[in-house]
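Here, each number is a calculation from the coordinates, and none is a lab measurement. It should be emphasised that the depicted structure is a prediction, and the values quoted were computed from it without experimental measurement. Because the Cβ atoms are built from the backbone with ideal geometry, glycine has one as well, and the counts that use them run over all protein chains shown.
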């Protein structure tokens, strides 16, 4: 929605690609080209093509944490916030391939009751958050509510330990924490969100399940690199139109469905 002609994306590569896909007439800059994503890198276009060859009537649902070439092969994209809603509205009589995050896919399958083929991909940061990290915090802060991101590898085990946990996207965590009556929260996701949570709800306490759950790729973006990117128009991200056009349709299908 921005009217700016130049977008500097302070995130990882697939995010900048998505911005370029949705804004083909604008310049999108990524301050560090090494800001990648272990989850996006886990899936190749060939993996999607192989499934489609076996399921010609199937639906490929791609989490936005994917490369442009994968989005171009998808029927619809989803975010962690709308994945359940989008999948729930898909035709019941067609097979579904959910890529690339198996933990988010498992959460969506549980929430919708849909049987789906899941690609065995994972975010190395979220996959590293385990039940044993949660047990000590719950004992230390029994009054705290538990917020968990659906990419977490401990989803099933953590929900067993804390059945009333809230499975939320990072944006959903912020929105919920601001409006909830609870004054303390145990948070299972990448720790960068704690800065925003504490900023937007300064009167409340937030405790990370795993304090070293840090995405080193996101942290490659520094103020100095942003400055140089703006000053020198460094690292423009371009997606070939034959790829961008098909990927754009998958993103637009997400909006239309959910």
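Nearest 5 percent is fine: what portion of the DSSP beta bridges confined to the chain is antiparallel? If you can, show how the numbers build up before the last one.
Working: 1 of 24 bridges.
That works out to approximately 5 percent antiparallel.
Listing 167, 174 from the residue with the fewest other Cβ atoms within 10 Å to the one with the most, what is the order?
Values: 167 22, 174 18.
Ordered from fewest to most neighbouring Cβ atoms within 10 Å, 167, 174 come out as 174, 167.
Please report how far the C-alpha centroid of segment 128-157 lies from that of segment 42-95, rounded to the nearest whole angstrom.
29
What order do you get for 42, 80 when you list them from fewest to most C-beta neighbours inside 10 Å?
On the way: 42 20, 80 23.
Ascending Cβ contact count within 10 Å gives the list 42, 80.
Once every DSSP H run of n ≥ 4 in the chain is given -39500 (n - 2.57) and the sum is divided by its residues, what mean residue ellipticity at 222 nm do you get, rounded to the nearest 500 deg cm²/dmol?
Details: 13 runs with 111 residues, N = 258.
That comes out to -12000 deg cm²/dmol.
Taking 0.36 nm per residue of separation and subtracting the Cα-Cα distance, what length does fully extending residue 52 through residue 3 add? The partial results should precede the final answer.
Details: separation 49, 0.36 × 49 = 17.64 nm, distance 3.79 nm.
Length gained, residue 52 through residue 3: 13.8 nm.
With N residues in segment 103-148, what two-decimal value do you get for its Cα radius of gyration over 2.2 N^0.38 Å? Don't jump to the answer; show the numbers that get you there.
Details: Rg = 13.9 Å, N = 46, 2.2 N^0.38 = 9.4 Å.
Scaled against compact globular proteins, the figure is 1.48.
Quote to one decimal, in nm, the extra length available between residue 26 and residue 88 on full extension: 0.36 nm per residue of separation minus the C-alpha distance between them. Please report the intermediate quantities before stating the final value.
Working: separation 62, 0.36 × 62 = 22.32 nm, distance 3.40 nm.
Stretched out fully, the residue 26 to residue 88 stretch lengthens by 18.9 nm.
Set the Förster distance to 41 Å, then compute FRET efficiency between residue 180 and residue 227 from the Cβ-Cβ distance, nearest 0.05.
Working: r = 38 Å, r/R0 = 0.92.
After rounding to 0.05, the efficiency reads 0.60.
Mind checking Rg over Rh on segment 186-258, alpha carbons, Kirkwood formula for Rh?
Numbers: Rg = 18.2 Å, Rh = 16.2 Å.
Rg divided by Rh gives 1.13.
If you stretched the chain out fully between residue 207 and residue 140, how much longer would it get, using 0.36 nm times the residue separation minus the C-alpha to C-alpha distance? List each step's numbers first, then the result.
Values: separation 67, 0.36 × 67 = 24.12 nm, distance 1.03 nm.
Gain on stretching residue 207 to residue 140: 23.1 nm.
Just from the alpha-carbon atoms, what are the Rg and Dmax of the chain in angstroms?
According to the Cα coordinates of the chain, Rg and Dmax are 18.8, 54 Å.
Relative to 2.2 N^0.38 Å, what does the C-alpha radius of gyration of segment 125-208 come to as a ratio? Two decimals please. Kindly include the intermediate steps, with their values, before the conclusion.
Values: Rg = 11.5 Å, N = 84, 2.2 N^0.38 = 11.8 Å.
Its radius of gyration relative to the 2.2 N^0.38 Å reference: 0.97.
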